[in-house]
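So the structure is just underneath, and the comments pick up after that.
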């Protein structure tokens, strides 16, 4: 009985102090190439949105000039 109690206490202490391994960075996992592609696509999207905003701004300026400043 005493042996079982000591064994349970030891197992509980080991379980309590046992650390989980640190997770790998996502780039090092099997999904890494897909994440890299996704990040590139996000960059392309941001560039596209910036260009669209700039084009819209220029069109509005041209419209204001054509209509006499609104």
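FYI, it's all coordinate maths here, none of it is from the lab. Since this is a predicted model, take the numbers as computed values, not measurements.
Of note:
- Among 12, 38, 49, residue whose mean-square fluctuation peaks in a GNM of the chain (springs only between Cα atoms under 10 Å): 12
- For the chain, the longest principal axis of the Cα atoms and the long axis of helix 2-17 meet at an angle of about 20 degrees.
- Highest GNM mean-square fluctuation among 58, 19, 39, for the chain modelled with Cα contacts below 10 Å: 19.
- Projected area averaged over orientations for the range 2-67, convex hull of C-alpha atoms, nm²: 8.5 nm²
- Length added when fully stretched, residue 2-residue 66, from 0.36 nm per residue minus Cα-Cα: 13.5 nm
- C-alpha long axis of helix 32-67 to longest principal axis of the chain, angle in °: 20 degrees
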